[in-house]
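All of the numbers you see were taken from the coordinates with simple rules; none came from a lab. Computed from a prediction, not measured in an experiment: that's the story for all the values here. In this analysis, Cβ positions are derived from the backbone assuming ideal geometry, glycine residues included, and neighbour counts consider all displayed protein chains.
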Amino acid sequence: MRGARHAGILDIGKTNVKVAVVDLETDREVGVLTCPNVVLPGPPYPHFDTAAHWDFICNALGQLNEAHPIDALSVTAHGASGVLLTASGDLAAPVIDYEFTGPDDLASEYEALRPGFAETGSPRLGMGLNVGAQLFWQFRSDPGLLERTDVFLTYPQYWAFRLTGVKANEVSSLGCHTDLWDPHENRYSTLVGKLGLSGKMARLRPANDCLGTLEPDVSKRTGLPPRTPVYCGIHDSNASLLPHLLKRDAPFSVVSTGTWVIAFSIGGHRVKLDPGRDTLMNVNAFGDAVPSARFMGGREFEIIMKARKHAFARRDADTVIDRQIMLFPAVEPRSGPFQGRQAHWSVEDSGLSDGERFVAVSYYLALVTAEMLTMIGADGLIIVEGPFAQNECFLAMLQAASGRRVEVQGAAATGTAIGAAMLVSGARSERGAPAHRAKAYTVCEPSLKTYAEAWQDLVRNT
């Protein structure tokens, strides 16, 4: 959008809901408000509190707009979610929490219905991590739901609809292991018809399309001008990837960290993806298929560290290396390259200090990440984004385990909010633009490589 200075970004994460203001001239967040994404237990099933999200979003936009007048809005949101709307635009059913295990009850029946990995590039996942499995379970559990449903929306586009009243779908969210998209043919998969949703899928729009302007009641509630443009929006991990697609030459890989750690390979080696190890084809903002892999690294870190201090001293790292203190997969066994395995330590972990535990779990997360990069044929530079980009232990071990250069992109230059803001500043978002300066991580101690090789041998031979 020419002349825009500040973009307001709705960033709906699995752990937190964030509203940010991005300065489009500097690609920096200049204002941020957050609230926890609390899952309601039901009835009828665990679901996202979209009403509370909306109240927070409207209030946050109003507050942020007073300090940094917002010229345009964009949206990014987590994957594995979609929304069913009635003809009046209300929810036909609550937005199901993708960690709800109900869909597993119909796993064998859904498996017989869903398209294969060759068509969708989408692995069969547990719980509701395949949106198709959610929908199959919902329609079976609520026989009147399909009839009530007028349209299906991908999740970022639902929030754009709340802002504008315009209904849309977008490929980066459809291509996020939903089973609903064929990335090779760039069209809906055969599952859409099997679920009875043909004719009920919202119109496809590019992520950087301007859908329209604010609904009058939204303008009044937030204080934003009624003519504020709203852009279609994008899946959150693909929002993190977008700045690199625009500014870098292949090959490279991006590791987006948060609740999920997702690795993307751009221009890497051609490999055969293994759906049994949580590899998949994501779809980027341009509609291109991107080999990817993922695990719940942020969740695993929280499980291991709990309320302990997230800090370490050099002696902690030395102790972990000298004693070969290792954590083995999988802390969260329902996803990732080692799903189904039971996590265990090489030592009795109750005797570990907080610092030793922090180092060991950071090394573990880096080693799993390195494994994912190998699985998807990644080559060239590794760019790390998100919370793990501040973790020196993670970065050092990732470089040692992968044998490749690791770069930390400055927080002001990338991330979900910055990527979503680039949908607004389309005139400057052209491939080949100069890359932001970033910090290169170049330290690689031989002892780390020895540790990594020992861990890899033990994991692969177990």
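The gain in end-to-end length when the ASN16 to THR86 segment is fully stretched comes to 22.5 nm, 0.36 nm per residue minus the alpha carbon separation. The trypsin sites (Lys or Arg not before Pro) of region 240-346 that DSSP puts in a loop, and whose beta carbon has at most 10 other beta carbons within 10 Å, are ARG270, LYS272, LYS306. Cα centroid separation, region 222-238 to region 94-168: 24 Å. The listed peptides 121-129, 202-210, 345-353, 219-227, ordered by packing as a protection proxy, come out as 121-129, 202-210, 219-227, 345-353 (highest mean of other Cβ atoms within 10 Å first).
Taking the Cβ of PHE295 as the centre, find all other residues whose Cβ is under 12 Å away and add up their charges (Lys, Arg: +1; Asp, Glu: -1).
Numbers: positive: ARG277, ARG294, ARG299, ARG334, ARG341; negative: ASP278, GLU300, GLU332, GLU371.
Combined, the nearby Lys, Arg, Asp and Glu give +1.
Note down the net charge around ALA366, summing +1 for each Lys or Arg and -1 for each Asp or Glu among other residues with Cβ under 14 Å from its Cβ. Don't skip to the answer; put the middle values down first.
Values: positive: ARG404, LYS449; negative: GLU300, GLU371, GLU392, GLU445, GLU453.
The answer is -3.
Projecting the Cα atoms of MET305, ALA263, LEU423 onto the charge dipole of region 237-460 (Cβ charges, centred on the Cα centre) puts LEU423 farthest toward the positive pole. With a Förster radius of 35 Å, plug the Cβ-Cβ distance of ALA112 and HIS269 into 1/(1 + (r/R0)^6) and report the FRET value to the nearest 0.05. Between ALA112 and HIS269 the formula returns 0.55. The protection proxy used here, the mean number of other Cβ atoms lying within 10 Å of each residue, ranks peptides 53-62, 133-142 as follows, highest first: 133-142, 53-62. When the charge dipole of the chain is built from unit charges on Cβ atoms (+1 for Lys and Arg, -1 for Asp and Glu) and taken about the Cα centre, the candidate among ILE321, MET397, LEU40 whose Cα reaches farthest toward its positive end is MET397.
Farthest towards the positive end of the charge dipole of the chain, among the residues LEU174, SER88, TYR231, is the Cα of TYR231, using unit charges on the Cβ of Lys, Arg, Asp and Glu.
For PHE117, neighbours were defined as the other residues whose beta-carbon sits under 14 Å from its Cβ, and their charges (Lys and Arg +1, Asp and Glu -1) total -2.
Per-residue Karplus couplings for region 182-194, computed as 6.51 cos²θ - 1.76 cosθ + 1.60 with θ equal to phi - 60°, are listed in order as 9, x, 6, 9, 6, 7, 4, 7, 5, 5, 4, x, 5 Hz, Gly and Pro entered as x. In a reduced charge model with +1 at each Lys and Arg Cβ and -1 at each Asp and Glu Cβ, the chain shows a dipole moment near 700 debye about its Cα centre. Modelled spin labels at LYS449 and ASP288, positioned 7 Å past Cα toward Cβ, are 3.2 nm from each other. Here the 3J(HN,Hα) profile of region 150-167, calculated from phi with Karplus coefficients 6.51, -1.76 and 1.60 at θ = phi - 60°, is 9, 7, 9, 10, 5, 5, x, 6, 5, 6, 5, 5, 4, 7, 10, x, 9, 9 Hz, Gly and Pro shown as x.
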